[in-house]
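Please read the structure below before turning to the comments.
Just so you know, all these numbers are worked out from the coordinates, no wet-lab data involved. No experiment lies behind these values; they were computed from the predicted model shown. Cβ coordinates were reconstructed from backbone atoms using ideal geometry, including for glycine residues, and neighbour counts include every protein chain displayed.
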Amino acid sequence: MSTLKHSQDEKFFLLNWLKGSLIGNLVGLLSPWRSSSYLLGYSDIITAIFVCLVIISSPFTSNTLVGIILLAGGGFWVLLTVSDIDKNQITPIHLCIFAYWLISVAATAFSPLKMAALSGLVKFTLYLLLFALASRVFAKTKMRSLIMGTYLLVSLIVSAYGVRQQFIGVKPLATWTDPTSPLADTTRVYSFLGNPNLLAGYLIPAVAFSVVALIVWKTKPQKILAGFALVINVACVYFTGSRGGWLALIGTGIVFLLGFKFWWNEYLSPFWRKWLIPTVIASFLLLVGVAMIFVEPLRIRIFSLFSWRGDSSNNFRINVWISALQMLQDYPLIGIGPGNEVFNQIYPLYMQTKFTALSAYSIFLEIALETGLIGLFSFLAVIVTTFKRGMVLIKKMKPSNDLQAIWILGAIASLAGLATQGLFDTVWYRPQINTLWWLCVAIVAAVYSLKSETDNHVS
């Protein structure tokens, strides 16, 4: 009852906010025109096409082309919004993201390099427009299946090529492994993305949604495809040699374990209700331990996580983090402004000798630098709100055994995995991953929209 009351209170607040705000008055301004528009009669299909184009293009084409598609999709979202018939499209997730965007605007205004920060703000805005566009269509089961199916097929091509690189061998495009390590000549695959850490991050949601598809998709060919994609994607993440990607897989798996335990809890015996999670975790640790004994590259790579400055990659990140924290001390509240261009111009003033960097090598530290501690807290609020709403939805959909809730679980698991990798890397900022992050948030926001709660019978 308390959860339902809280949900109703949020609806009341959002409706009042929409009625009284300038943005709320713009929503639906051209709604009379929409009913006679032939184009907007196919708005869901057009929206899905825009999202699919972003997914298809991001691993294979230039960032400029992806940006053009995002801009076109953002323009279509504006058209949909001003012609909207139903104004109940705003959720608490939307409000948190909007607040985060406003803080980014303020950070741009106060940035010591305003034009460079403006460029970063434009890129960030394009990602948020993708979120806003996708959240309109993800509530539709067919559209969500189409988009996620497209992503899984594209990721399968990417990961299959990465696995092929593992077997034929491929030269590194940069020094990705400690040159003093026995693994200095080890192959680290990067597929079409050009960087093994970036590839690992790109495939984390693919692993999560392969699991979801294996459960939700109904036909045998679909399940075979999902199972094959799961195996290939996991193998490719392993072959990247990305320690952050491996940790991300663990984070994703933990979320799935907890989610599946909750979803199917009543089917478990009292013994397994108590011991399932400890048994799975112990079995996993045993499997890793045995693998470390017999697979030397895996053993060396895992031990390097705990070598502190003994590994060149660790040492590099530590030095960058120290310099970044010094920057944060000088710009604590509102940061230096969004975007890598600002960072690239200010970081040299703080960097230690021979430790040049293009980013802070931690998305949370990077966000704190770009938008200050205020922006960091706002971003964390987006994450907390998304996770909270996702868990509420799963709980509401469980009594009817609506397996569409597993898509929500997959989105949350993906976010957990990407955030885990983001603790130690900033590949999250690349469009190949940033678009996937906001699409995962959009899945939760779409299902929780005031309209779709009624449509899906979860209120």
Exercise. Provide the per-residue ³J(HN,Hα) series for region 233-247, in order, calculated from phi with Karplus coefficients 6.51, -1.76, 1.60 and θ = phi - 60°, each as a whole number of Hz, with x at glycine and proline positions.
Key: 5, 5, 4, 5, 4, 5, 5, 5, x, 7, 5, x, x, 5, 5
Quiz item: When Lys and Arg each count +1 and Asp and Glu each count -1, what net charge do the other residues less than 12 Å away from residue 360, Cβ to Cβ, add up to?
Solution: -2
Quiz item: For region 188-289, what relative contact order do you get, as a whole percent, if you take Cα pairs closer than 8 Å and at least 6 residues apart?
Solution: 26
Practice problem: Rounded to whole Hz and in sequence order, give me ³J(HN,Hα) for region 408-418 from the Karplus expression 6.51 cos²θ - 1.76 cosθ + 1.60, θ = phi - 60°, writing x for Gly and Pro. | Solution: 5, 4, x, 5, 5, 4, 4, 4, 5, x, 5
Quiz item: What ranking, highest mean first, results for peptides 66-72, 409-415 when packing means the other Cβ atoms within 10 Å averaged over each residue?
Solution: 409-415, 66-72
Quiz item: Using alpha carbon centroids, what distance separates region 45-78 and region 422-440, in Å?
Solution: 16
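For a quick protection proxy, order the peptides 391-400, 331-340, 92-101 by their average other-Cβ count within 10 Å, most packed first.
So the peptides 391-400, 331-340, 92-101, ranked by packing, come out 331-340, 92-101, 391-400.
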Practice problem: Go through 142/218; 140/218; 220/261; 261/396 and tell me which ones have a Cα-Cα distance over 19 Å in this structure. | Solution: 220/261
Practice problem: Please report how far the C-alpha centroid of region 299-318 lies from that of region 91-136, rounded to the nearest whole angstrom. | Solution: 35
Self-check item: Positive minus negative residues near residue 44 (Lys, Arg vs Asp, Glu; Cβ under 12 Å)
Solution: +4
Practice problem: Report relative contact order for region 90-230 in percent, whole number only (criteria: Cα-Cα under 8 Å, sequence separation at least 6). | Solution: 15
Quiz item: Taking the mean number of other Cβ atoms within 10 Å as a proxy for protection, how do you rank 372-381, 221-230 from highest to lowest?
Solution: 372-381, 221-230
Quiz item: When only Cα pairs under 8 Å and 6 or more residues apart are kept, what is the percent relative contact order across region 38-172?
Solution: 40
Exercise. Starting from region 302-394, pick out the trypsin sites (Lys or Arg not before Pro) whose DSSP state is loop and whose Cβ has at most 13 other Cβ atoms within 10 Å.
Key: 354
